[in-house]
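Novice: Below is a structure I'd like to ask you about.
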Amino acid sequence: MSTAGQVIKCKAAVAWEPGKPLTIQDVDVAPPKVHEVRIKIVATGVCHTDWEYLYESGKGMKSRPFPLVLGHEAAGIVESVGPEVTKFSPGDKVIPLFLPQCGECERCRSPKTNQCRKNWANMQLGVMADGTSRISYKNQQLYQFLGVSSFSQYTVVPDTSLTKIRCDAPLDKVCLLGCGVSTGYGAAVKTAKVEKDSSCAVFGLGAVGLAAVMGCQVAGAKRIIGVDINPDKFEKARVFGATECINPRDHEKAIQEVLVEKTGGGVDYALECVGSPVIMNAALESTAEAWGTCVIAGWTETETMNIMVEKILMGRTLKGTYFGGWKSVEDVPKLVDDYMNKKLKLDEFITHNLTLDQINVAFDLLKSGKRTSVTSVILILSLLLS
């Protein structure tokens, strides 16, 4: 493309400091360096993690440096590639990945984990391999959230944190596979390994929770119980496969006691999709003795669980999952294929199509938890902004 090798001026939503709304700024996006790729972002989801890092930084979340450009759940088109990049070409449709897969390290070679650590420490700090960001505002460096920064019309990512997808995939749908849907769906089918005719409880019916419900249904679970304090989410949960839904506030007993009674001893699988240690404990205690499995998919970085040891000694399994257990580069294109072959729902997650200058509206919708705001997708197209 004509912009290859040049600095690109574009719009980005900048977080200048914690707790303040994002502002739309004209930023500079530098050309990609060695093993880096510059992408034109076409669509990005708005994940609860983005909101938490802005409004709860230092609370349940580790502090990140500001100013930064948020966004990590996206899809776009390769604009240009840096030196030594061999797997991508301008025009490729791609999904950037906050979890890398280099394919060479011990973790990548092991079938036991998806947690590659290529450039990991730097990406967590918002910089590339050389310790700097590719996005700036008036010569001031803007950190790249999780190494992605999809709330910008263009961004640069390492070539190990990017995957090429089929050319007929709709980017405004498959962008959701960059985080939330993959995480929840994988928590059920890959980490928990939900079995046919089993019973499941999913705690939290946001995007991750709904994807977990979908995973339980795909796995053939007979009973799928959705748990949330917002009953407006129950109708949508049933669309994804929930057989029944429970509001903990409708019961005097603790929700784990309710579920144990309701299922005659506890569910086979519980999936926590909120990120609350209290709910994590409830999820674990809702599972059956001897074989119950609890998977934690909800995200928190600094909080602590307090577990009664007997709950584990009696045969329960407690597991965590990151990005649903998927090996990012190789598995995300397969999930795209599943969507294209109608084996995986994505359209049903999307309730709003917004433009970049409506990013704070998207955050408000996300936080409000209204039935109409399961997941907001931001369409980032340069022609939509002056």
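The values are calculated or read from the model by the stated rules, or taken from the named source; none is laboratory data. These numbers were taken from a predicted model, which means no experiment stands behind them. Here the Cβ positions follow ideal geometry from the backbone for every residue, glycine too, while neighbour counts run over all protein chains shown. Just so you know, the surface numbers come from the protein's heavy atoms only, side chains and all, with ligands and any DNA or RNA stripped out. Shrake-Rupley method; radii C 1.70, N 1.55, O 1.52, S 1.80 Å.
Novice: Exactly one of these conditions fails for residue 299: (1) modelled with pLDDT under 95; (2) over 21 Å from residue 185 (Cα atoms); (3) open to solvent by 70 Å² or more (accessible area, probe 1.4 Å). Give me its number.
Specialist: Every listed condition holds for residue 299 apart from (2).
Novice: Moving to a separate point now. Going by the conditions given, is residue 197 open to solvent by 10 Å² or more (accessible area, probe 1.4 Å), in a loop (DSSP other than H, G, I, E, B) and under 23 Å from residue 87 (Cβ atoms)?
Specialist: no
Novice: With the requirement that a residue be in contact with a strand residue (DSSP E or B) (Cβ under 8 Å, 6 or more places away or on another chain), in contact (Cβ under 8 Å) with a residue 60 or more places away in the chain and not in a strand (DSSP E or B), what does the stretch 11-30 give you?
Specialist: Scanning the stretch 11-30 gives 22, 30.
Novice: May I ask you to verify whether residue 164 is basic (Lys, Arg), within 23 Å of residue 333 (Cβ to Cβ), open to solvent by 10 Å² or more (accessible area, probe 1.4 Å) and assigned by the TED database to the domain that holds residue 86?
Specialist: When the stated conditions are applied, residue 164 passes them.
Novice: Taking the stretch 79-113 only, how many residues are open to solvent by 10 Å² or more (accessible area, probe 1.4 Å) and either assigned to a strand (DSSP E or B) or among the basic types (Lys, Arg) (or both)?
Specialist: The qualifying residues number 6.
Novice: Could you pull out the residue among 110, 57 that is assigned by the TED database to the domain that holds residue 354 and closer than 26 Å to residue 354 by Cβ?
Specialist: 57 is the lone residue from the list that is assigned by the TED database to the domain that holds residue 354 and closer than 26 Å to residue 354 by Cβ.
Novice: Being surrounded by fewer than 18 Cβ atoms within 10 Å (Cβ to Cβ) and either assigned to a strand (DSSP E or B) or under 18 Å from the mean Cα position of the chain (by Cα) (or both) narrows it down to one residue among 149, 136; which is it?
Specialist: On inspection, the qualifying residue turns out to be 136.
Novice: Would you mention how many residues in the stretch 275-296 are touching a strand residue (DSSP E or B) at 6+ places or on another chain (Cβ under 6 Å) and either of a type in the set (Ser, Thr, Tyr) or at pLDDT below 95 (or both)?
Specialist: Final tally of qualifying residues: 3.
Novice: Right, something else. In the stretch 35-78, how many are in a strand (DSSP E or B) and either crowded, with 22+ Cβ neighbours inside 10 Å or touching a helix residue (DSSP H, G or I) at 6+ places or on another chain (Cβ under 9 Å) (or both)?
Specialist: Here the count works out to 17.
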